């Protein structure tokens, strides 16, 4: 069940995986939890790529004018490959935006999988180290309460931002 949760978080790319990595490590230990976290991130990104690739047929033209998407659309496949690695290495680059941007291009799924995996490994390794420290340092009830509170705040902030965003006018 946790594997599906990890894949879903990786595929959607909106909720940071730091919310589930401590749970993986707490439930399965350092080795098992690390394998679960890395697998979920990588497989989730590939599923997300396929979902976004399918969904690109339905993306509004206005979204495709966003600078993030335009960057990907103007690049050659090899440049997109290296850009995916670079963006995956950046700790605060939104995973879903990288995946969606790559899905708009003609890069193949195997090339995306390779680039995404190479770029995610260092970031996930750092995340695992931080999460493992938290699992050792915090008592389980405090750890799970902290994760729940942080997730609630994250989702509330995202919903508030969406609700308070200016509505576009259609004429």
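Pairs, please: C-beta under 8 Å, at least 6 apart or cross-chain, first residue at positive phi and touching a residue at least 40 places away in the same chain (Cβ under 8 Å) and in the stretch 10-27, second part of a loop (DSSP other than H, G, I, E, B) and surrounded by 23 or more Cβ atoms within 10 Å (Cβ to Cβ)?
Here the result reads none, with nothing in the stretch 10-27 linked to a residue that is part of a loop (DSSP other than H, G, I, E, B) and surrounded by 23 or more Cβ atoms within 10 Å (Cβ to Cβ).
Only one residue in 119, 148 is at pLDDT 90 or above, more than 29 Å from residue 70 (Cα to Cα) and outside any loop (DSSP other than H, G, I, E, B). Which one? Write out each step before concluding.
Details: 119 fails: more than 29 Å from residue 70 (Cα to Cα).
Answer to the check: 148.
Give the stretch 12-33 a look and list any residue that's modelled with pLDDT under 90, part of a helix (DSSP H, G or I) and either touching a strand residue (DSSP E or B) at 6+ places or on another chain (Cβ under 6 Å) or farther than 21 Å from residue 122 by Cβ (or both), or say none.
12
Applying the selection to the stretch 82-116, what residues are touching a residue at least 40 places away in the same chain (Cβ under 8 Å), in a helix (DSSP H, G or I) and farther than 19 Å from residue 57 by Cα? Break it down into steps so the answer makes sense when it comes.
Here is the first cut: in the stretch 82-116, the residues touching a residue at least 40 places away in the same chain (Cβ under 8 Å) are 94-100, 102-104, 109, 112-113, 116.
Checking which are in a helix (DSSP H, G or I) leaves us with 95-100, 102-103, 109, 112-113, 116.
Selection gives 95, 113, 116.
Please count how many residues of the stretch 34-62 are part of a helix (DSSP H, G or I), modelled with pLDDT under 85 and either surrounded by 14 or more Cβ atoms within 10 Å (Cβ to Cβ) or under 19 Å from the mean Cα position of the chain (by Cα) (or both). Reasoning before the result, please.
Within the stretch 34-62, the subset part of a helix (DSSP H, G or I) is 34-58, 61-62.
Okay, now just the ones that are also modelled with pLDDT under 85, so 55-58, 61-62.
Pick out the ones that are also either surrounded by 14 or more Cβ atoms within 10 Å (Cβ to Cβ) or under 19 Å from the mean Cα position of the chain (by Cα) (or both) and you get 55-56.
Total meeting the criteria: 2.
Between a first residue in the stretch 151-163 that is under 20 Å from residue 17 (Cα atoms) and a second residue that is assigned to a helix (DSSP H, G or I), which pairs have beta carbons less than 7 Å apart while being 6 or more apart in sequence or on different chains?
Close Cβ pairs satisfying both conditions: 151/19.
Only one of these conditions is not met by residue 70: (1) under 20 Å from residue 143 (Cβ atoms); (2) without any contact (Cβ under 8 Å) to a residue 40 or more places away in the chain. Which number is it?
Result: residue 70 passes all but (1).
The values are calculated or read from the model by the stated rules, or taken from the named source; none is laboratory data. Here the structure is a predicted model, which means the values were calculated and not measured. When we count neighbours, we look across all protein chains shown, and the Cβ atoms used for this are built from the backbone with ideal geometry, even at glycine.
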